[in-house]
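The structure appears below as structure tokens.
The values are calculated or read from the model by the stated rules, or taken from the named source; none is laboratory data. Everything quoted here is computed from the prediction, not taken from an experiment. Quick reminder, even Gly has a Cβ in these numbers, built from the backbone with ideal geometry, and neighbours come from all protein chains shown. To get the accessible areas, we keep the full protein, side chains included, count just its heavy atoms, and leave off ligands, DNA and RNA. Shrake-Rupley method; radii C 1.70, N 1.55, O 1.52, S 1.80 Å.
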Amino acid sequence: MAKLFEPIQLKSIHLKNRIVVSPMCQYSAVDGYANNWHLVHLGSRAVGGAGLVISEATAVSPEGRISPEDLGIWEDGHIDKLREITSFIKENGAVAGIQLAHAGRKASTYAEWRGKGKVVEADGGWQPVGPSALAFADDYAVPTVLDQEGIEKVKADFGEAARRALLAGFEVLEIHAAHGYLLYEFLSPLSNQRTDAYGGSFDNRIRLLLEVLRAVQGQWPSHLPIFVRISATEWTDGGWDLEQTVALAKILKERGVDVIDASSGGNVADAKIPIGAGYQVPFASAVKKQVGITTGAVGLITSAAQAETILVNRDADLIFLARELLRNPYWPLHAAKELHVDLAWPNQYRRAK
Ligand SMILES: Cc1cc2nc3c(=O)[nH]c(=O)nc-3n(C[C@H](O)[C@H](O)[C@H](O)COP(=O)(O)O)c2cc1C
């Protein structure tokens, strides 16, 4: 049996295989509300055979959106359509996950096909917040520094979002602490230059993430898994690196996190990143080996053989795919054939198998 199609148990959740739809912003929501685009986009990837389908970065507050068109979960009205989506995902044999996010200083930017840089107010833009008054890049806003009250709101927003995610039928929750968004901005000494309890030492920089985790755990049942996506390195001297990632992952494991989803980059606009096939796999591997926690590998994983090799080598336990699943939502069905696994296709599609 190919490892890619071996099931895995995460707390009370059974994934039928190791293929995860990596969260991908669709920039297609209005006021944070999901619609039929999200239903069909996420639903077809469940039909396509992925074991776990994770929704895009879903904003815990309006100011936490990357763009005005991001999906949101900051009000109860958001729940109904999300529930329809999770029901469809489940009916089609996959588990529904959600990535909870706050974009921090990288909020209020245009979706790539709508424009570039900061969204002006007339176009629905707003003033972003962050750990320190440092812009991500020239065409980004200098964020308003979060004070203690603002930090308390972030924690409360994540907690409330977790409560709604549960009501919406999600069974896996991923905290987005990667790619230069708010929680990562606090982790990195490059974007966090605070002198209070949330800046300076490693313990201080990880504080907000740990407090957000606690707020989420206050609402999210202990039998359902929590993932944390982290940028394992920002590819910049003096920045967040793999050593700190391993140290953080140990603490996250002790505090009940089930999976580390190891990505990289996103906090330094001009970082030199050696992009190539599977270039982030060594991060998932290092965290798995040094921490003994379940990990997900992501980034330029495109073929069944490549995914299988990562699992056989025990570099990761889950394979997150993003762009390859945009190219082909039925990638898992074809990967099974390549790996000589006789996978059942959806009844409606059997004549095409
Ligand atoms: C259209 C698009 C949207 C994305 N949105 C998110 C997101 O919402 N949250 C996130 O953590 N990563 C996001 N990513 C990053 C992917 O999840 C993934 O980590 C990255 O694309 C590398 O994997 P790939 O080589 O398989 O595409 C996005 C990527 C793409 C292509």
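So which residues in region 104-121 are open to solvent by 50 Å² or more (accessible area, probe 1.4 Å) and closer than 23 Å to Asp157 by Cβ?
Pass one, region 104-121, residues open to solvent by 50 Å² or more (accessible area, probe 1.4 Å): 110, 112-114, 116, 118, 120-121.
Within region 104-121, Lys118, Glu121 qualify.
Take region 230-259 and flag every residue that is charged (D, E, K, R), in contact (Cβ under 8 Å) with a residue 12 or more places away in the chain, touching a Ser or Thr at 6+ places or on another chain (Cβ under 9 Å) and open to solvent by 10 Å² or more (accessible area, probe 1.4 Å). Can you show your working first?
Restricting attention to region 230-259, the residues satisfying the condition of being charged (D, E, K, R) are 234, 237, 241, 243, 250, 253-255, 258.
Filter once more, so that each one left must be in contact (Cβ under 8 Å) with a residue 12 or more places away in the chain: 234, 250, 253, 255, 258.
The next check asks that each one be touching a Ser or Thr at 6+ places or on another chain (Cβ under 9 Å); those that pass are 234, 258.
Listed by number, the list holds a single entry, Asp258.
Report, ordered by the first and then the second residue, all pairs with beta carbons closer than 7 Å, sequence separation of six or more or different chains, a first member in region 51-75 that is in contact (Cβ under 8 Å) with a residue 24 or more places away in the chain and assigned to a strand (DSSP E or B), and a second member that is among the charged types (D, E, K, R) and open to solvent by 10 Å² or more (accessible area, probe 1.4 Å).
Val53/Arg45; Ala59/Arg65; Gly72/Arg65
Looking for whichever is surrounded by 16 or more Cβ atoms within 10 Å (Cβ to Cβ) and among the small types (Gly, Ala, Ser) here; the options are Ala168, Ala133. Which one fits?
On the way: Ala133 fails: surrounded by 16 or more Cβ atoms within 10 Å (Cβ to Cβ).
Matching residue, one of Ala168, Ala133: Ala168.
Restricting attention to region 20-50, and to residues there that are aliphatic (A, V, I, L, M) and more than 16 Å from the ligand (Cβ to nearest atom), which single residue is surrounded by the most Cβ atoms within 10 Å (Cβ to Cβ)? Break it down stepwise before answering.
Initial filter on region 20-50 (aliphatic (A, V, I, L, M)): 20-21, 24, 29-30, 34, 39-40, 42, 46-47, 50.
Filter once more, so that each one left must be more than 16 Å from the ligand (Cβ to nearest atom): 30, 39, 46-47.
Details: Val30: 10, Leu39: 17, Ala46: 25, Val47: 23.
Here the residue is Ala46.
Look at region 111-135 and say how many of its residues are farther than 24 Å from Leu190 by Cα and not aliphatic (A, V, I, L, M).
Residues that pass the stated criteria total 8.
Val53 fails exactly one of the following numbered conditions: (1) in contact with a helix residue (DSSP H, G or I) (Cβ under 9 Å, 6 or more places away or on another chain); (2) within 14 Å of the ligand (Cβ to nearest atom); (3) open to solvent by 20 Å² or more (accessible area, probe 1.4 Å). What is the number of that condition?
That leaves (3) as the condition not met.
Would you point out the residue of region 297-329, among those that are part of a loop (DSSP other than H, G, I, E, B) and away from the ligand (no atom under 16 Å from the Cβ), that is nearest to Asp261 (Cα to Cα)?
First, pick out the residues of region 297-329 that are part of a loop (DSSP other than H, G, I, E, B): 299-303, 313-317, 322, 328-329.
Checking which are away from the ligand (no atom under 16 Å from the Cβ) leaves us with 313-314, 317.
Numbers: Asn313: 17, Arg314: 15, Asp317: 10 Å.
Residue satisfying both the conditions and the ranking: Asp317.
Can you name the number of the only condition in (1) hydrophobic (A, V, I, L, M, F, W, C); (2) open to solvent by 60 Å² or more (accessible area, probe 1.4 Å); (3) in a helix (DSSP H, G or I) that Leu190 fails?
Among (1) hydrophobic (A, V, I, L, M, F, W, C); (2) open to solvent by 60 Å² or more (accessible area, probe 1.4 Å); (3) in a helix (DSSP H, G or I), the lone unmet condition for Leu190 is (3).
Return the pairs, sorted by first residue and then second, in which the second residue is away from the ligand (no atom under 14 Å from the Cβ) and among the charged types (D, E, K, R), the first residue lies in region 167-180 and is at pLDDT 95 or above, the beta carbons are less than 7 Å apart, and the residues are 6+ apart or on different chains.
So the pair list comes out as Ala168/Arg83; Gly169/Arg83.
Ala101 fails exactly one of the following numbered conditions: (1) buried (at least 21 other Cβ atoms within 10 Å of the Cβ); (2) in contact with a Ser or Thr (Cβ under 9 Å, 6 or more places away or on another chain); (3) over 26 Å from Ala297 (Cβ atoms). What is the number of that condition?
(3)
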